[in-house]
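Engineer: What follows is a structure written as structure tokens; I'll ask about it next.
The values are calculated or read from the model by the stated rules, or taken from the named source; none is laboratory data. Note that the coordinates shown come from a computational prediction; the quantities given were computed from them, not determined experimentally. FYI the Cβ positions are ideal-geometry reconstructions off the backbone, even for glycines, and counts take in every protein chain you see.
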Amino acid sequence: MRPKAIFVYRVFFFVMLIFISSCVSMGSRYAGAQKTVTITADSLKSRESGKYQKEQDDADTVPSKVIFLKVLLASGRDGFNITSDSNASVQGTNIAGSKGFTISRDADGSIIANGAKTAVNRIEIIPSSSPLKYNRKPYRGSFIIFSGQGIMMLVNKVELEQYLYGVLPFEVSTGWEEEVLKAQAVAARTFAIYNKLKNKTPEYDLDSNVNSQVYGGTGKETPSTNAAIDRTAGEVLAYNGEVIQAFFHANSGGRTASSLEVWGGALDYLPSVDDPYSAKGRGYKWSAEISREKLSSMAAKAGFKAGTVYELFVQDKTESGRVKTLKLKGSEGEYVIKAKDLRAAAGVDQIRSTNFTVASQSDSFVFEGLGWGHGVGMSQEGAREMADEGWTYKQILMYYYKGAKLKKIKIE
């Protein structure tokens, strides 16, 4: 073999050796990577024990590979009317099966169903071939009724993925791109599991309104959102091996807020990030005019006895440019008010975010703002633009939840 050929051969061999070594090291690296996040069966058990008399069911006594959620649908003193298109049964009582149940409570707190006293403060209604309905809305799963401390609660016990079927159509437009629907499915699933694991309320894990995630049962389910949930089944976001708080909102206004500036607790995976993708969303810009009289009334209701408010101006801002506090001057005093408290008093659909300016007019105050929502985590309208530009749901999630990893749930 010629010297030149020998030299070329040796160089080729050396390059291939480096390449193979690199592949082996990368393969070893990923082979050892944890692709799941573990949740213990004990952490999923009911927290009702000791507070309510009940018939123990399999989900409470036997480790399950399925996560069930308890979602609060309604509460109050007047009871509930529950219907179904087929006979449903009441677990652990002598109440006859029926297509309709009128639920109330006795003076001692025990539950009355269809006029019959049950002698317990918890019952579970189990559907047969048709879903249970409340306020004419059908729901998957069973209904649990709790009676205690002067009120009754109606709770929907439903499997995690089926719960998500009733969430996504209320949180995003069902006609959006598949990748943004999948990103929302993962975020919503992560949010639900985190609240299930951290919740301290025995009766339920989540509200069915904006206090948690909007949930409306089966009535609004669509093929596109159900498919996004099915195609990401079991996937959640995790950080350092733990399921994260996957907050999301409608529109960031161009920059997301950190968890520290909004709620006072720093989470590494929820920093403030630039978000130019939200600029095309319908929630990017907004304005609101509030009369001087209404603002004065709002201030009084919030505990600020300022009288007639004649001046309101921004005092300081957060790292992402959102208003932190405002100075309020009135005929009877001056106060410093938090922007988030002012937003809550005005209504979150009127003052859509705390990223605003405010100007005084003769008989009103005009707010000009950017974004819609608290601004922490994923911007839904930003995610939509990213999906439209070709981003995958994984790339979208990694952009908004810094350092978080996509994992599969593993129950042990």
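Engineer: Tell me, which residue of region 182-226 that is hydroxyl-bearing (S, T, Y) and not in a loop (DSSP other than H, G, I, E, B) is farthest from G377 (Cα to Cα)?
Structural biologist: If we take residues in region 182-226 being hydroxyl-bearing (S, T, Y) and not in a loop (DSSP other than H, G, I, E, B), then S224 is farthest from G377 (Cα to Cα).
Engineer: Continuing with the same structure: Being in contact with a strand residue (DSSP E or B) (Cβ under 9 Å, 6 or more places away or on another chain) and under 30 Å from A228 (Cα atoms) narrows it down to one residue among S130, S147, S110; which is it?
Structural biologist: Just a single option satisfies the conditions, and that option is S130.
Engineer: Could you list, in sequence order, the residues of region 352-380 that are in a loop (DSSP other than H, G, I, E, B) and surrounded by 15 or more Cβ atoms within 10 Å (Cβ to Cβ)?
Structural biologist: Listed by number, the residues that qualify are R352, S353, T354, N355, G371, G373, H374, G375, G377.
Engineer: Output the number of residues of region 93-111 satisfying the condition of being surrounded by 18 or more Cβ atoms within 10 Å (Cβ to Cβ) and of a type in the set (A, V, I, L, M).
Structural biologist: 3
Engineer: Of everything in region 322-367, what is aliphatic (A, V, I, L, M) and touching an Asp or Glu at 6+ places or on another chain (Cβ under 6 Å)? Give them in sequence order.
Structural biologist: Selection gives V366 alone.
Engineer: Please determine, by comparing only the residues of region 292-351 that are of a type in the set (K, R), part of a helix (DSSP H, G or I) and touching a residue at least 12 places away in the same chain (Cβ under 8 Å), which one is farthest from V262 (Cα to Cα).
Structural biologist: R292
Engineer: I need every pair where a residue in region 164-184 that is within 22 Å of V71 (Cα to Cα) and free of Cβ contacts under 8 Å to residues at least 60 places away in the same chain has its Cβ under 6 Å from the Cβ of a residue that is of a type in the set (V, I, T) and not in a helix (DSSP H, G or I), sequence separation at least 6 or different chains.
Structural biologist: Correct list of pairs: P169/T222; F170/V214.
Engineer: Enumerate the pairs (first residue in region 266-284 and within 14 Å of N355 (Cβ to Cβ); second residue anywhere and in a loop (DSSP other than H, G, I, E, B) and among the acidic types (D, E)) with beta-carbon separation below 6 Å, excluding pairs fewer than 6 apart on the same chain, so at least 6 apart or on different chains.
Structural biologist: Between residues of region 266-284 that are within 14 Å of N355 (Cβ to Cβ) and residues that are in a loop (DSSP other than H, G, I, E, B) and among the acidic types (D, E), the close pairs are S272/E319.
Engineer: Related question: Looking at G241, is it at pLDDT below 95, under 30 Å from E319 (Cα atoms) and either surrounded by fewer than 18 Cβ atoms within 10 Å (Cβ to Cβ) or of a type in the set (S, T, Y) (or both)?
Structural biologist: yes
Engineer: Test A383 against the criterion of being under 18 Å from the mean Cα position of the chain (by Cα), among the small types (G, A, S) and outside any loop (DSSP other than H, G, I, E, B), and give yes or no.
Structural biologist: Spelling it out, A383 is indeed under 18 Å from the mean Cα position of the chain (by Cα), among the small types (G, A, S) and outside any loop (DSSP other than H, G, I, E, B).
Engineer: Quick check, is I396 hydrophobic (A, V, I, L, M, F, W, C), part of a loop (DSSP other than H, G, I, E, B), buried (at least 20 other Cβ atoms within 10 Å of the Cβ) and modelled with pLDDT of 95 or more?
Structural biologist: no
Engineer: Take residues that are under 30 Å from Y400 (Cβ atoms) and not hydroxyl-bearing (S, T, Y) and tell me which of the strands (runs of 3 or more DSSP E) falling wholly in region 66-181 contain 1 or more.
Structural biologist: The qualifying strands (runs of 3 or more DSSP E) are 68-76, 151-159.
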